[in-house]
Amino acid sequence: MKKMFIAVVATFFVLLVSLGNVMAESKAGFFTLTPYLGGYSFSHEEGMKNGSAVGLGFGYNYTDRLGVEAVFNYVDFKTKSTNHNADAKLLRFDGLYDLMPKDKLAPYLAAGLGFIDVSSDNKEDGFSVLFDFGAGLKYSINDKLQLRGDVRNIYEIDGSDNHQIYTVGITYLFGKKEPVRPVVEKKAPPAPADSDGDGVYDDKDKCPNTPKGIKVDSVGCPIPLTEKVVIDLKVEFDFDKAEIKSVYNDHLQKVANFLTAYPDAEGVIEGHTDSIGSEEYNHNLSHKRAENVRLYLIKNFGVKADRLKAEGFGESKPIADNKTKEGRQMNRRVIGVISAIITK
């Protein structure tokens with residue numbers, strides 16, 4: 001019988017090597033229910049033939065490695081001397097220790113205490129205290145079912161009898177609510193963000209938070225807006241004169257203020273005459289009038305000389321009829337358009 005015990009244990013370990021180490025789910029927190037079917041052998045001295053054994057186990061896995069189990073076994077056998085039917089009832093309370101809990105095929109060790117009651121030849125031998133120990137294999141079919149093979153040595157403490165029970169069974173695991181694993185959907189990468197809505201993505205936008213409606217360049221910065229600002233200059237002169245009359249002081253002050261406000265402003269001051277006198281004389285007179293206005297702005301208001309240019313056009317560009325006194329007065333003039341381009 002010892003040879004059979006060794007052979008069964010060896011067979012389990014051969015299976016372990018051949019099937020390999022496949023990862024299984026955690027079994028901690030599950031209850032177990034296991035029906036068993038197998039054989040039972042007595043020591044030679046007891047006069048009992050080997051018999052068949054059935055059983056039912058109820059257990060709980062405290063951790064992936066450690067569990068407990070209560071097992072009831074019923075053994076049917078015959079006596080050797082009389083060949084009468086006999087039976088034995090075992091109640092065991094065992095601890096189980098899984099050696100490789102994460103593997104699909106996992107060996108374990110087991111040991112525990114219990115009771116045995118043997119009835120033969122219509123006689124009750126009474127309950128005896130037993131100690132059992134052994135090993136087994138579990139093979140996880142899925143998260144709820146396991147195949148199980150088990151070999152135990154049963155030692156009757158009262159009578160010093162030594163038995164073996166070898167069983168196979170199927171274990172049902174229940175009672176633990178597995179956490180629902182969220183389904184992770186692969187999402188398409190998000191479109192690049194354009195927080196200010198200017199048409200340039202944030203990773204390229206060098207001017208974030210651009211107000212709505214503002215035109216921007218390729219890096220998201222507002223396109224500068226330009227505007228031309230202008231002031232007109234006009235001074236009239238007496239006949240054959242180039243002196244500036246005091247009545248134009250306020251007007252020239254405004255022109256100077258414009259030049260100060262817009263440092264990039266420049267202009268050409270044009271001098272003109274009526275048609276009385278020679279063409280050469282009038283040309284010189286018109287230039288002198290334009291130059292006097294230019295110098296007035298430079299000397300009285302500090303305007304830089306290179307910002308203004310004086311030109312004389314004589315009588316060549318009349319704006320009124322030189323045959324009338326009023327027309328000739330209008331033609332004796334200095335005019336200018338002074339402008340600047342500003343960026344908003």
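Any read-out appearing in this document is the output of simple, stated calculations on the displayed coordinates, not a laboratory observation. On a predicted model such as this, the values are computed, not experimentally measured, just so you know. Heads up, the Cβs are rebuilt from the backbone with ideal geometry, glycines too, and the neighbour counts pull from every protein chain shown.
Before moving on, here are some points about what is shown:
- Column: log10 I(q)/I(0), Debye, Cα scatterers of region 224-343, q = 0.12 Å⁻¹: -0.44
- With the highest mean first, a sort of the peptides 236-245, 38-47, 267-276 on other beta-carbon atoms found within 10 angstrom per residue produces 267-276, 38-47, 236-245.
- Selection from 86, 108, 287 lying farthest towards where the dipole of the chain points positive, charges on Cβ: 287
- Separation of the residue 129 and residue 58 label points, Cα + 7 Å toward Cβ, nm: 2.5 nm
- Put in order of Cβ neighbour count within 10 Å, fewest first, the listed residues 62, 36 become 62, 36.
- Taken over the alpha carbons of the chain as equal point scatterers, the Debye sum produces base-10 log I(q)/I(0) values at 0.07, 0.11, 0.13 Å⁻¹ of -0.56, -0.82, -0.98.
- Whole-Å distance, taken between Cα centres, linking region 143-213 and region 89-118: 29 Å
- Once both labels are positioned 7 Å from their Cα atoms along Cα-to-Cβ, the gap between residue 87 and residue 325 label points is 15.5 nm.
- Label-point separation in nm, residue 236 to residue 147, each point 7 Å along Cα→Cβ: 12.3 nm
- For region 23-75 versus region 251-308, the gap between their alpha-carbon centres in whole angstrom: 119 Å
- Dipole magnitude of region 282-344 about its Cα centre (Cβ charges: Lys, Arg +1; Asp, Glu -1), debye to nearest 20: 140 debye
- Cβ-placed point charges (K, R +1; D, E -1), dipole of the chain about Cα centre in debye, nearest 20: 760 debye
- Cα gyration tensor, region 67-188 - rounded (a/c under 1.5), prolate or oblate: prolate
- By average C-beta atoms within 10 angstrom, highest first, the peptides 281-294, 142-155: 281-294, 142-155
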